[in-house]
Amino acid sequence: MLTLPHQFFLTAERYANKPALRWKSGDEYRDLTYAQVAQAVRAVAAAFLQAGLRPHDRVALLSENRPEWVMADLGIMLAGGVVVPIHTTFSARLAAAVLADSGSRFLVASSADQLDKVAALREELPHLEKVISLELCPPSLPANFCRTWDDFLEQGRRSGIHSFPRVNPRDVCSILYTSGTTGEPKGVTLTHDNFQANAHAALQAIPMNDRDVLLSFLPLSHVFERLGGYYAPVVGAGGTVAFARSVKDLAKNLLEVRPTILIAVPRLFEKIHETAWQTARSKGSLALKLFRWAFRQRPGTPGHFLADRLVFRRLRARFGGRLRFAISGGAALSPELAHFFARAGIPILEGYGMTETSPVISVNRVDRNKVGTVGLPLEGVKVRLAGDGEILIQGPNLTPGYWGKPEATRELIDREGWLHTGDLGFLDDDGFLTISGRKKEILVTAAGKNVWPDPIERKLEISPFIAQSMVVGDGQIQLGALIVPEWEALEPALRELGLDPSARETALADARVRELFRREIDQTTADVAEYERIARFALLPREFSQDREEITPTMKKSRKVIAEHFRQDIESLYPARKIPH
Ligand code: AMP
């Protein structure tokens, strides 16, 4: 196979004058054509070679999504370097840990905020020789240590370097740090071949072509967006990718970009679902009745046709009105949400993968979408189930291993070449994969029943009053839950009860508020098994946050950290016992 930059150059030749990237500058979206991006990629590579980059040197990339992310990524690889993306949400400590572990010689960073992280810990980073700032160089960094991107590229253009080192597609081209839900970040190495194989197979499964426009808002530092929202559409298919200005601006950017495909995580659909209900509610009881009625109509009936005109079309308009389908991955999507959007004419194709598999393992197809499953394995990807139900994978998308951690690599990939995902699941007669739990997250009740907390939490979070939740109770007779209220939705209810929403702790201790949550918990989890019932709960005054490392950059709950931080709340659920979790 070709390296990623060479694959991109082929696509860029074919679609030279088509917009490849679109980004918001001031109030307007602007385009960069394939030819322009290709030229910038060559300039980046030349600049790095001129600066002394040697084959396999690591270059860290710490930036929000923007065109320079793509130019830097492909440029570093063209020069023979290895790209080390760092999540912009990483604390200074974690960012420094990644720079140190990868031994990065260079760092491309987006803003003074990001660079300040490095400035604080520079002493601990002897390998780091230079930073390139996409904006200005901050005063916290010595002048000879920081260069601006524009200067750096100009130097590349003037260097006269037009030929680039031969790079073997089997070589590692990127190291991706997963924060994991425990411990220090671990670097997953991936090769050009890994990404290429995965992008090709993904494009066989999902119809994506040069007429497609994607709106990219998940961080490119996460492999799901990088493959699904950049390598597949831009390096592979010749489509256009527009960058959302920020998650906050997403609703507005959807209307401006009018994407045909959206790559998202379940949380986005939860939010839109919540907003849709809230809007219907705020318009009064008639509007709410109409909304409820619309979602009861069966496709193909006159009622559904009417519902489409009156309700669904408006919902589709929130996405810009041209969306063909959305892809959801990274965490489990609740079937209720998938059905809700499908009814409204927005099919969500759920997929499954992990960083170590570049990342896609399986995905549903437009013409074969089985809600509740994570779809069919990609072409070339073999899925097998171990005796205990763990999902094992083989295929051209498997990482060669963790960076500098042979022991961890041996634990990940067994002698026969099967990668152990840590996820539990099963295949149905049609070959669709269902994820039924995570090996490490299973709770075992005192009665010996195995409970996977995630599906119960997803049910709870469907309630408009529940923003986040964590089910606990390992070794206990009854399950409990930590519940983070959705304050925006809760405030009107609190006022009605004569409570002050700004005095959160007092409000949450009120018996009527607890009663409200009791009802919400019972309603949303009405269909769980008896032993999965949430018998106890604690209401938390603040949400789980990324800053406190309770949520990973890929939006997963760090159960250990949450359990530590809310130890007292958990203990209050089980007063007589010590909590092993
Ligand atoms: P990461 O490497 O951070 O992307 O995390 C990979 C993990 O996310 C997998 O091992 C799964 O546990 C989880 N995951 C990804 N997609 C899904 C999905 N559709 N349903 C359930 N879990 C998922």
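Quick note: the coordinates plus some simple rules give every number you see, no bench work behind them. Bear in mind the structure is a predicted one, so any value in this text is a computation, not a measurement. FYI the Cβ positions are ideal-geometry reconstructions off the backbone, even for glycines, and counts take in every protein chain you see.
Toward the positive end of the charge dipole of segment 442-573, with +1 on the Cβ of Lys and Arg and -1 on the Cβ of Asp and Glu, the farthest Cα among MET555, ALA489, ALA447 is that of ALA447.
Entry for segment 442-573 at q = 0.11, 0.18, 0.22 Å⁻¹: log10 I(q)/I(0) = -0.38, -1.02, -1.43, Debye formula applied to identical alpha-carbon scatterers, no solvent contribution. Size estimate for the chain follows the Kirkwood approach: the inverse of mean 1/r over distinct Cα pairs works out to 25.3 Å.
In deg cm²/dmol, rounded to 500, what helix-only [θ] at 222 nm does the chain give when every DSSP H run of at least 4 residues adds -39500 (n - 2.57) and the total is split over its residues?
-10000 deg cm²/dmol
Computed from backbone phi, the HN-Hα couplings of segment 512-528 come to 5, 5, 4, 4, 4, 5, 4, 4, 4, 5, 5, 5, 6, 10, 4, 9, 7 Hz, rounded to whole numbers (Karplus: 6.51 cos²θ - 1.76 cosθ + 1.60, θ = phi - 60°; Gly and Pro given as x).
When only alpha carbons are used to place a centre, segment 48-122 and segment 364-395 end up 34 Å from one another. The fraction of all Cα pairs in segment 220-319 landing in successive 10 Å bins from 0 to the largest distance is 13, 36, 30, 18, 4, given as whole percents. Counting beta carbons within 10 Å around each of SER469, SER334 and listing the fewest first gives the order SER334, SER469.
Rounded to the nearest 5, what % of DSSP beta bridges with both residues in segment 442-573 are antiparallel? Let's see the in-between values first.
Values: 9 of 14 bridges.
Roughly 65 percent of the beta bridges in segment 442-573 run antiparallel, per DSSP.
Work through the residues other than THR373 whose Cβ is under 13 Å from its Cβ and net out their charges, Lys, Arg +1 and Asp, Glu -1. Intermediate values should be presented prior to the final figure.
Details: positive: ARG365, ARG368, LYS370; negative: GLU350, ASP428, ASP429, ASP430.
Charge balance near THR373 sits at -1.
Residues in segment 105-118 carry Karplus couplings, in order, of 8, 10, 9, 9, 10, 7, 8, 4, 4, 5, 5, 4, 4, 6 Hz; the curve used is 6.51 cos²θ - 1.76 cosθ + 1.60 with θ = phi - 60°, and Gly or Pro positions show x. Amide H to amide H, with H built 1.01 Å from N, GLY401 comes under 5 Å of THR189, counting only residues 5 or more places away or on other chains.
With Cβ to Cβ distances under 13 Å as the rule, what net charge do the other residues near ILE261 carry (K, R +1; D, E -1)?
Numbers: positive: ARG211, ARG258, ARG322, ARG324; negative: ASP210, ASP212, GLU225.
Cβ neighbours under 13 Å give a net charge of +1.
Remark: the chain carries a charge dipole of roughly 1260 debye about the Cα centre, counting +1 on each Lys and Arg Cβ and -1 on each Asp and Glu Cβ.
The alpha carbon convex hull volume per residue for segment 21-63 rounds to 99 Å³. Summary of packing: across the peptides 509-515, 82-88, the per-residue average of other C-beta atoms within 10 Å ranks them, highest first, as 82-88, 509-515. Report for the chain the percent antiparallel among DSSP-assigned beta bridges with both residues inside it, nearest 5. The antiparallel proportion sits near 55 percent.
Per residue, the convex hull around the alpha carbon atoms of segment 405-453 comes to 127 Å³.
Sorted largest first, the principal axis extents computed over the alpha-carbon atoms of segment 38-137 equal 34, 25, 20 Å. Other residues with beta-carbon under 10 Å from the beta-carbon of ARG316 carry, at +1 per Lys or Arg and -1 per Asp or Glu, a net charge of +3. Shown for the chain: cysteine residues without a partner Cβ closer than 4.7 Å, namely CYS173.
Report the Stokes-Einstein translational diffusion coefficient (µm² s⁻¹, integer) for segment 122-195, Rh taken as the Kirkwood radius over Cα pairs, at 10 °C with viscosity 1.306 mPa s. Numbers along the way, then the final one.
Details: Rh = 15.8 Å.
Stokes-Einstein gives a translational diffusion coefficient of 100 µm²/s.
Defining a contact as two alpha carbons under 8 Å apart and six or more residues distant in sequence, what relative contact order in percent does the chain show?
On the way: 1121 pairs, mean separation 59.4, N = 581.
Relative contact order comes out at 10 percent.
Per-residue packing, averaged as other Cβ atoms within 10 Å, sorts the ranges 113-126, 279-292 into the order 113-126, 279-292, beginning with the highest. Under 5 Å from the amide H of THR33 lie the amide H atoms of ALA20, each residue being 5 or more positions distant or on a separate chain, with H modelled from the backbone and absent for Pro and chain starts.
Annotation: the residues MET470, MET1, sorted from fewest to most other C-beta atoms within 10 Å of their own C-beta, follow the order MET1, MET470.
Candidates PRO302, ALA237, ILE263 compared by Cα position along the dipole of segment 215-326: farthest toward the positive end lies PRO302, with charges placed on Cβ.
Farthest towards the positive end of the charge dipole of segment 77-220, among the residues ALA201, ALA143, LEU128, is the Cα of ALA201, using unit charges on the Cβ of Lys, Arg, Asp and Glu.
For a footprinting-style exposure proxy, rank GLU28, GLU549 by other Cβ within 10 Å, fewest first. Provide the component values of the computation, followed by the final result.
Details: GLU28 8, GLU549 21.
Final ranking by Cβ density, sparse to dense: GLU28, GLU549.
Residue-wise HN-Hα couplings along segment 359-375, as the Karplus relation 6.51 cos²θ - 1.76 cosθ + 1.60 with θ = phi - 60° gives them from phi, are x, 6, 9, 8, 7, 6, 10, 4, 8, 9, 10, 9, 4, x, 9, 9, x Hz; Gly and Pro carry x.
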